[in-house]
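Data block below; observations after.
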Amino acid sequence: MNDLVLIRKNLFRRKLRAILMMVSILIAFAIFAVLASFERAFNAGQDRATPDRLVVLNKINFTQPLPISYYNRVAAIDGVAQITHFSWFGGYYQEPRNFIAAFAVDPENWMKLRDTDFVFSPEARAAFIRERTGVLVGARMMEKWGWKVGDHIPISSSIWSQKSGSHAWDFIIVGSFTARIPQADTNVMLMGYDYFNETRSFGKDLISWLALRTTSVAANERVIEAIDGMFANSPYETTTDSEKAFSKAFAAQLGNIALIVELVVGAAFVTILMIVGNTMVMTVRERTREIGVLKTLGFSGGRILRMVLGESILLALLGGLPGLGVALLLITKVRDSLMNFVPALSLYPDIAAAAVGLMVVFGIITGLVPALNAMRLNIVTALGRS
Amino acid sequence: MRSIILQILAVTAINLKSLPQRLWLSLATVIAVGLVVTVLLAFLSMANGFRRTIADSGAEDIAVVLRSGAVSEINSVVLRDQVRLIEDGPGIARGPDGKPQTSGELYLTVNGIKRSTGTKASLPLRGLGPLGPGLRRGVVITAGRMFNPGTNEIIVGRALGKEFEGFELGQTVTFNSTRWSVVGIFAADGSVFESEIWADLPVLQSLFKRAGSVQTVRARLTSPAAIETLRAYSDNDPRLKLDVMSEAAYFAQQASNTSDLIQKLGWPLAIAMALGSLAGALNTMYSSVAARATEIATLRAIGFGGFSAFVGTLVESLILAAIGGVIGAAATYLVFDGFTASTMGASFSQVVFNFQLTPRLIGQGLLLALAVGLFGGLFPALRAARMPIVAGLYG
Amino acid sequence: MLSPADPIDPMIDIVDLCKRFTKGKETITIFDALNLAIPRGDFVAVMGPSGSGKTTLLNLLGGIDRSDSGAIEVAGERLDRLSESELSRWRASHIGFIFQFYNLMPMLTAAQNVELPLLLTRLGRKERRERVETALGVVGLADRVKHYPKEMSGGQQQRVAIARAIVSDPALLLCDEPTGDLDRSTADEVLSILQVLNRDLGKTIVMVTHDPAAAQYAKRSLHLDKGHFIEKELVA
Ligand SMILES: Nc1ncnc2c1ncn2[C@@H]1O[C@H](COP(=O)(O)OP(=O)(O)OP(=O)(O)O)[C@@H](O)[C@H]1O
Ligand SMILES: [Mg+2]
């Protein structure tokens, strides 16, 4: 036997009570881990973007187009290292509700720019550049629809139509790619701009936005001024922003998710703090006499304090760690159904680590008052008058 | 019967009198239940407010025509010829001058700054013709005047003006290197249109290089049933690859995704938290039974039935939960009811809405609270009823 | 410290001990100027009316309560000069307590209860187990190692408590009405064990009791009344 055995035996003295407390702690930590991961995934765009990445958008709004001619003009600006353009395809597969995130890009330059996020095999790289009607599909999208390289797939657009009047394009999947970093979302499809531009019935030579990497972060300011200055007072004015700032502003449009998460997690924690804290005080009060006996045997106040704190921390860990497990299970379960909304959803290691830290803090908070009471307990009063 | 009621009253009185001994634990349960109800009602009133703002915007006798598969106005493109064909379609009401009651409209988004956060947000800019405002319920200019056709003038929805900066009456804003003056503020019966900026259609078409095409056509129907006639007409004409639906149906579908999502988040969270506080309630009630073991046993020894011990415990638990539920509902009402928020709607643009707490939602919250009280009291009550008298007396 | 001239080697040496309790404005004086010397190897029964201060005296001897003035020396240590934590450490190695209501930990087995004081020592697991077995053997409960207190009779529980008191081999055992809750024959068993501990293992024992028959097991008995001792030698 050692102190840990003693602590464990104390904790499980009233099994039902201990289990009930663990259940409420489990739920609170599961809520914390799920919501924190959710918020993190929601803001993954900001996390992924390195500071040297900029986006050039139409000044009116990002849904307004830019002329393709801007591509070469911006590429020529001093300080622009790599650049690609994007055109929003508004795709769906078979039914409008089967949304497909698809973009028309300049294949070669897009892959160069996204090399830090994705892994492209040499075959996929070559095929995507070579095949005009080919599309490159991310691993998760392949998995979601059960597609294979070589498949012919009809993708409809909710915006564009072909000159024939058809809303659907037939594409061949020429390759796939995987994520290099966890925040990178592979639930996307890329097509060659040239083919798309030639076949669409309107909006010719217009793109949605440009994405570029500067030669160094220090050049950002200068590049931004050069781009926006170049197109000032033209029919298509631009606003150039860091990709991080753009992602952040876009995420913020849904509302203050962080605040909602904080409020809910706060409410859940206040609940268990009160329940567990009060129960711990009660538990230790019931044990007054035994603590008196331990002290009589020679256990010091400090040791008793550590034992009670140990008990509350053990309780928090026994409730909280399974809570993390439940969170992991939940996240894996809802991951696919929320793929469009929060693509990078997963239980991030640092969130799990923070949760474990919180468990210890929680254990200390709930155990502190009873532990101090126990430490200060007067032996003679504790042993009572019997 | 009378005796049973008296017994129950006596036991309940004893329970409630001993409550101060467990004051903190009982209080913790009450607050825990209160927080659960607050979280649930906050989400439900948010979902409800959002859904009502959008779904109530649509009328049954207005048809919305979009390009097929477009899902929302922002994606849609309806070409000039298609507009003409629709105008000539069946089931469309005509004005006293014999003209069809239709409005071809553009739906663009422009940047604005949200007052509360100072961040950029996309706002809808709608171009509409002279008949457009009349196709919407309760549109009135509350300040200033209507825009003049052919000019760079805009009128701004009341809700949008409150939430976003720079759209006060008399101000000018710049889109596409042209300056626009805000000449009026309009209300539209609290509908989603109050989150929009309106301008003259032809002016927008030329400035945004969309000459000739629009994005949607709205049409007043001769009757709600006429939608079927119009749809059949569109489906049978190969030149019209269009979706025809009632405005009510269009907005219901626009609202459902977001409000479903909010509800789908709210209920599981509230239920998870309810389970957490259920553990707390059980804990409290077991302690209550343990604390009153002697009293219960004494009463049983002088002839009280186990049933009264059962009911007395259950009532204590239900009362605690009910207090928590009422506190939670009151807190939600005070903090969240009427709270204005905005979020991205289905068209990538902002929709301003208010949280709306209704008696039905409050009822749901209280039911959840009572469920916690019921389950939290049930097992401890059984234990109280089954407790051996001797153990209680001498334990 | 003892002066070398002292004829006996006292386990307990109390000089002019004063102990008061204050409750609000009222002050009760339990001991005014108590003097007591108990030599090593003694077995003393302390008797006296209820409220005379017997338990208080044991608490003072065991260092779980503090005196107001006077000197109290137990097993060579001036208790009135030790701090709380020093007292804790001292108790762990010098004192064994035996209570009227056993005060065993309900969630621990007999062996684990006995092992408790050894957690305060540096002994390894194997040594601890041997000691626990020996102690339980002394009280005749070698076969009850895995039993929980609620599975044992009062007499057995008290024997476990005795084993717990002697397991760390303290020189002084303090017993507060150890047989107060037991019937005659069970009480006799427990008292015989105490007697053996005193006679064969040389433990000094101070035992508070109300039972004259129990006092018969001691070498001598002291009578506490109105804060002073009246000694009565007994024929063992
Ligand atoms: N913590 C305390 N506060 C106030 N008075 C106390 C306290 N502890 C003991 N006393 C008083 O001191 C006196 C002696 O108490 P003590 O417990 O030592 O008596 P006792 O001789 O052991 O009696 P009994 O035979 O009933 O056990 C009593 O009058 C008691 O009321
Ligand atoms: Mg006493």
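For this structure, a couple of remarks:
- The local environment of B:Ser287, defined by Cβ-Cβ distances under 12 Å, has a net charge of +4 under the rule Lys, Arg +1 and Asp, Glu -1.
- Here the label points at B:Phe375 and A:Ala354, each 7 Å from Cα along the C-beta direction, are separated by 3.0 nm in the simple model.
- Taking each DSSP H run with n ≥ 4 as -39500 (n - 2.57) and averaging over every residue of chain B yields -17000 deg cm²/dmol at 222 nm.
- Rolling a 1.4 angstrom probe over chain B with all protein chains present gives an accessible area of which 63% lies on carbon and sulfur atoms.
- Based on alpha carbons, the Rg and Dmax found for segment A:60-236 are 16.6, 48 Å.
- Beta bridges from DSSP with both residues in segment B:69-240: antiparallel share about 75 percent, rounded to the nearest 5.
- Whole-percent carbon and sulfur share, accessible surface of chain C, 1.4 Å: 50 percent
- The calculated FRET efficiency for the pair A:Ser69 and B:Thr178, based on their C-beta separation and a Förster distance of 25 Å, comes to about 0.70.
- Shielding of A:243-255 by partner chains, average beta-carbon count, 10 Å: 4
- In straight-distance terms, cross-link reach from A:Lys148 covers every one of the aspartates and glutamates whose alpha-carbon lies under 17 Å from its own, apart from those fewer than eight places away in the same chain; here that gives A:Glu123, A:Glu131, A:Asp170.
- Over chain B, relative contact order from alpha-carbon pairs under 8 Å, at least 6 apart, %: 30 percent
- The orientation-averaged projection of the convex hull spanning the C-alpha atoms of chain A amounts to 25.2 square nanometres.
- Spatially proximal lysines relative to C:Lys150 (Cα-Cα < 26 Å; intrachain offsets below 8 disregarded): A:Lys9, A:Lys15, A:Lys295
- Each residue of segment B:257-267 was assigned a 3J(HN,Hα) from its phi angle through the Karplus expression (A = 6.51, B = -1.76, C = 1.60, θ = phi - 60°), giving 4, 5, 5, 4, 4, 4, 5, 5, 7, x, 5 Hz with x at Gly and Pro.
- Under the criterion of Cα pairs below 8 Å and six or more residues apart, the relative contact order for chain C equals 26 percent.
- With the helix formula -39500 (n - 2.57) applied to DSSP H stretches of n ≥ 4, chain C reaches a computed 222 nm mean residue ellipticity of -9500 deg cm²/dmol.
- Within a straight-line Cα-Cα reach of under 12 Å, B:Lys99 can be paired with the following aspartates and glutamates, leaving aside sequence neighbours fewer than 8 residues apart in one chain: B:Glu87, B:Asp88.
- Measuring r between the beta carbons of B:Ser206 and A:Ser337 and using R0 = 35 Å, the FRET efficiency lands at 0.20.
- Ligands, DNA and RNA excluded, the heavy atoms of C:Met107 present near 20 Å² of accessible surface to a 1.4 Å solvent probe.
- Chains A and B together bury roughly 4200 Å² of accessible area, counting both sides, with a 1.4 Å probe on protein heavy atoms only.
- Alpha carbon convex hull of the protein assembly as shown, projected area averaged over orientations, nm²: 57.6 nm²
- Neighbouring partner chain Cβ atoms per residue of B:280-292, average, 10 Å criterion: 4
- Cα long-axis angle, helix C:84-94 against chain C (0 to 90 degrees, to the nearest 10): 60 degrees
- Here the calculated FRET efficiency for B:Ser3 and C:Ser50, from their Cβ-Cβ distance with R0 = 41 Å, stands at 0.35, rounded to the nearest 0.05.
- Over 26 Å between alpha carbons, listed pairs B:Lys162/B:Lys264; C:Lys23/C:Lys226; A:Lys244/B:Lys209: B:Lys162/B:Lys264; A:Lys244/B:Lys209
- Within chain A, helix-based [θ] at 222 nm, where runs of 4 or more DSSP H residues each add -39,500 (n - 2.57), nearest 500: -17500 deg cm²/dmol
- Share of carbon and sulfur in the accessible heavy-atom surface of segment A:60-236 [1.4 Å probe, %]: 54 percent
- Of the beta bridges in the protein assembly as shown, as assigned by DSSP with both residues counted there, near 75 percent are antiparallel.
- Contact order relative to length of segment A:60-236, as percent, for alpha carbon pairs under 8 angstrom and 6 or more apart: 34 percent
The values are calculated or read from the model by the stated rules, or taken from the named source; none is laboratory data. What you see is a predicted model, and the numbers here were worked out from it, not measured in a lab. Glycine also receives a Cβ, built like all others from the backbone with ideal geometry; neighbour counts cover every protein chain displayed. Areas reflect the complete protein model, heavy atoms only, side chains present, ligands, DNA and RNA absent. Shrake-Rupley method; radii C 1.70, N 1.55, O 1.52, S 1.80 Å.
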